[in-house]
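A short worksheet on the structure shown next.
Only the coordinates and a few stated rules stand behind these numbers; no lab work does. What you are looking at is a predicted structure, and each value in this text was computed from that prediction instead of being measured. Cβ: placed from backbone, ideal geometry, glycine included. Neighbour counts: every protein chain shown.
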Amino acid sequence: MSEELTVGFRFYPTEDELIAFYLRNQLEGTIDESMHRVIPVLDVFEIEPSHLPNVAGERCRGDSEQWFFFVPRQEREARGGRPSRTTSSGYWKATGSPGPVFSKDNRMIGVKKTMVFYIGKAPTGRKTKYKMNEYKSVDETDNFSTIPKLRHEYSLCRVYVTSGSSRAFDRRPMGDLQTERLILTRNVAAAETSSFRVESSPETSISGGEHVDLFLNTEMVDGLTEPIWDWEQLGW
């Protein structure tokens, strides 16, 4: 990794790259310090979101929209407790259902959780512009059928700010975008045949730059829909 960055350089990974390359290398202990200069190790839940840009990796510190962090499992979580998502000014609240992340060859390689930061105390906090996608990798040594086993030693968090339109970091070059649309179409077809339900959303994405929320197929139970997975089943 060169010391000097080209003008206009931006760290621009897909979700596939975040999980299959960065998070997997962190989990296996094969990542080097140059990568930690891009994605540092930090418990983001101990720091106010507005302060995170100042402690982001040096390659992302000038970015006004998104920052990446490796987050180690909290001690209380390792002992079987629930992780803390509360700062001195507010709290992170999960939204939506667990979302699978696919590789370019249509393998499910991880699961993500989307969170929003609220100022104040739950449940009356005030919603802010800060959001987060927290990614965990699937344990590939486990031959799961319906419920994937996740690696919990580290997660990879992408913290970002919302805007009134598509986020600027989603606007990929046209060549990449055309390729990813083909990948998106293939993933959607695979998801539908695998009992996944696909819904549009401007806020989370599968592995490409086009943003689509993948929620698990739901079953009707007494007139209500219930997701097949929940956070407890995933041990998250």
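Please give the length that would be gained between Thr30 and Arg10 if that part of the chain were fully extended, namely 0.36 nm times their separation in residues minus their C-alpha to C-alpha distance (nm, one decimal).
Working: separation 20, 0.36 × 20 = 7.20 nm, distance 2.37 nm.
Full extension of this stretch gives 4.8 nm more.
Kindly identify the range 15-171 as rounded, prolate or oblate by the Cα gyration tensor criterion: order the square roots of the eigenvalues as a ≥ b ≥ c, call it rounded if a/c is under 1.5, otherwise compare a/b with b/c, prolate if a/b is larger, else oblate. Numbers along the way, then the final one.
Details: a/c = 1.43, a/b = 1.25, b/c = 1.14.
Because its axes are fairly even, with a/c under 1.5, the range 15-171 counts as rounded.
Where a ≥ b ≥ c are the square roots of the eigenvalues of the C-alpha gyration tensor, would you call the range 25-114 rounded, which needs a/c under 1.5, or, failing that, prolate if a/b is larger than b/c, or oblate?
rounded
In nm, give the distance between the simple-model label positions of Asp105 and Thr141, each being 7 Å from the Cα along the Cα-to-Cβ direction.
2.1 nm
Of Lys127/Lys149; Lys113/Lys149; Lys121/Lys149; Lys104/Lys129, which pairs sit farther than 21 Å apart, going by alpha carbon to alpha carbon? Walk me through the numbers on the way to the answer.
Values: Lys127/Lys149 32 Å; Lys113/Lys149 15 Å; Lys121/Lys149 32 Å; Lys104/Lys129 30 Å.
Listed pairs above 21 Å: Lys127/Lys149; Lys121/Lys149; Lys104/Lys129.
Using Cβ counts within 10 Å as a stand-in for footprinting exposure, how do Thr141, Thr95 rank, fewest first? Don't jump to the answer; show the numbers that get you there.
Numbers: Thr141 7, Thr95 13.
Ranked by crowding around the Cβ, least crowded first: Thr141, Thr95.
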